[in-house]
1. Within the stretch 14-29, identify whether any single residue is assigned to a helix (DSSP H, G or I) and aliphatic (A, V, I, L, M), and answer yes or no.
2. Scan the stretch 14-38 for residues that are crowded, with 21+ Cβ neighbours inside 10 Å, hydroxyl-bearing (Ser, Thr, Tyr) and closer than 14 Å to ASP148 by Cβ and jot them down.
3. Out of (1) in contact with a Ser or Thr (Cβ under 8 Å, 6 or more places away or on another chain); (2) over 29 Å from PHE165 (Cα atoms), what's the single condition that is false for ALA71?
4. Select, from LEU65, LEU115, LEU120, LEU104, the only residue that is of a type outside the set (S, T, N, Q), under 22 Å from LEU163 (Cα atoms) and buried (at least 24 other Cβ atoms within 10 Å of the Cβ).
5. What are the pairs with Cβ atoms under 7 angstrom where one residue, in the stretch 147-169, is over 30 Å from LYS87 (Cα atoms) and modelled with pLDDT under 95 and the other, located anywhere, is surrounded by fewer than 21 Cβ atoms within 10 Å (Cβ to Cβ) and among the charged types (D, E, K, R)? Sequence gap at least six, or different chains.
6. Picking from GLU136, GLU140, which residue would you name as being touching a Lys or Arg at 6+ places or on another chain (Cβ under 9 Å) and either of a type in the set (Phe, Trp, Tyr) or modelled with pLDDT under 95 (or both)?
7. Is it the case that some residue within the stretch 6-13 is at pLDDT below 95, of a type outside the set (A, V, I, L, M), buried (at least 22 other Cβ atoms within 10 Å of the Cβ) and over 26 Å from ALA123 (Cβ atoms)?
Amino acid sequence: MTNPETSRAPLWARLTATFGGTGYLKPGPGSWGSAATVLTWWLIAHNLMAKEPARSYQAYVCAGLALVAVAVGIPAATMVARASGKKDPQFVVIDETAGQLITLVAAPVAWKSLLAAFILFRAFDIVKPPPIRLLERLPEGTGIVLDDVGAGLYALAVMQLLLRFGVLT
């Protein structure tokens with residue numbers, strides 16, 4: 001996973017910022033990062049949290065993973081962006097991981113919900129409704145990650161409305 005653009009960043013930062021290298025997949029590294037996050041969450045929830053009492057903690061685990069992605073993702077994104085010389089490199093997808101996990105908080109681990117969460121998050125991440133675009137102006141990794149946190153919060157709200165009104169049953 002050596003990329004000349006990022007080789008000066010520490011390995012942990014490269015692995016984190018690219019979500020294990022998925023940020024190097026083409027086309028649309030952000031979509032690949034989101035898809036890898038949905039798959040990873042499904043594997044965790046399906047295999048490790050499928051039975052009670054673990055199932056009752058799924059929302060907390062997902063929220064905790066999102067917080068970890070933000071907390072570790074900001075410094076990793078900063079280091080990789082600096083090493084690449086780009087403000088917001090496309091191959092940095094830890095921001096998509098954080099936003100996608102936020103969207104998945106309190107969503108059932110079922111194919112309809114996972115697909116809807118993926119589509120909603122990608123739509124809000126691409127469109128960036130106000131005030132998300134303003135978050136991009138924050139410095140370095142903070143701006144890279146927090147605009148996707150904003151998109152994730154928008155997508156979470158819509159996701160919970162869809163679930164509340166039975167659209168995803």
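1. yes
2. Within the stretch 14-38, SER34, THR37 meet the criteria.
3. Of (1) in contact with a Ser or Thr (Cβ under 8 Å, 6 or more places away or on another chain); (2) over 29 Å from PHE165 (Cα atoms), only one is false for ALA71: (1).
4. Answer to the selection: LEU104.
5. Hits for this filter: LEU168/LYS112.
6. Of the residues listed, the single one that is touching a Lys or Arg at 6+ places or on another chain (Cβ under 9 Å) and either of a type in the set (Phe, Trp, Tyr) or modelled with pLDDT under 95 (or both) is GLU136.
7. Looking for residues that are at pLDDT below 95, of a type outside the set (A, V, I, L, M), buried (at least 22 other Cβ atoms within 10 Å of the Cβ) and over 26 Å from ALA123 (Cβ atoms), one finds at least one in the stretch 6-13, hence yes.
The values are calculated or read from the model by the stated rules, or taken from the named source; none is laboratory data. Not measured: the values here are computed from a predicted model. Neighbour counts run over all protein chains shown; Cβ positions are idealised from the backbone, glycine included.
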